[in-house]
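Participant: Input: one structure, supplied below.
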Amino acid sequence: TQLIAVQESTPQVRMALFYKLAPTTGSQTVAATADTGADLLVTSVISLKGVSQTGTFNVAGSTSSTGTTNVDINSLASAVGEFAIMCGASATAASTASPDATAPTSTEQLDVAHTNATSVRNWVYTEDGAATSIDMRVDLASSVRMAAVAVSIRGDSVDSFGPLRRRQ
């Protein structure tokens, strides 16, 4: 199920966030189909444990730009025990991503360059939720066309497992 999507065009950079609640135990297949005319499709998958099965998402946000070095999704509604994820893509593989130095710092989970007829960089950052809201910020090495989405995910019981965590 698609939660949120944002697109910056010419060249097209699109980022979307999908989810599946309560998947069956065991291995899962994730399949993606590129839009007609797409030069390249990049996917990233993260599995989480302890996710609330009702009221799962606090809020989602997005941003896109035709040329920037700062990727900011500010004031993302959040709460203690939630887990925020920011996913993005830029229209060049050369523009590496790094966490912004503004506290709290997001943790890099993925930063991969892909080259084909078109080059693209894909990144994923995570951050623990905070009392009211968080600012998710990533810095790019050069000014590029980019798109990013973020969401704060609720845990099923803060007392039972502490902050929501990636499945290991």
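Participant: Give me, ordered by chain and number, the residues 5 or more places off SER52 or on other chains with an amide H under 5 Å from its own placed amide H.
Facilitator: ARG154, GLY155, ASP156
Participant: Arrange the residues PHE18, PHE57 by how much accessible surface each exposes, largest first, with a 1.4 angstrom probe.
Facilitator: Highest to lowest solvent-accessible surface, that is PHE18, PHE57.
Participant: Suppose R0 equals 41 Å; then what is the FRET efficiency for ALA131 and THR36 from their Cβ-Cβ distance, rounded to the nearest 0.05?
Facilitator: The formula returns an efficiency of 0.40 here.
Participant: Something else: Taking the radius of gyration and the Kirkwood hydrodynamic radius from Cα positions alone, what is the Rg/Rh ratio for the stretch 1-152, to two decimal places? All intermediate terms of the calculation are to be shown ahead of the outcome.
Facilitator: Working: Rg = 15.2 Å, Rh = 15.9 Å.
On the Cα set of the stretch 1-152, Rg over Rh gives 0.96.
The values are calculated or read from the model by the stated rules, or taken from the named source; none is laboratory data. Keep in mind the model is a prediction, meaning the values are calculated, not measured. Glycine gets a Cβ as well: all are built from the backbone with ideal geometry, and neighbour counts include every protein chain shown. Quick note on the areas: whole protein, heavy atoms, side chains included, nothing else; ligands and nucleic acids left out. Shrake-Rupley method; radii C 1.70, N 1.55, O 1.52, S 1.80 Å.
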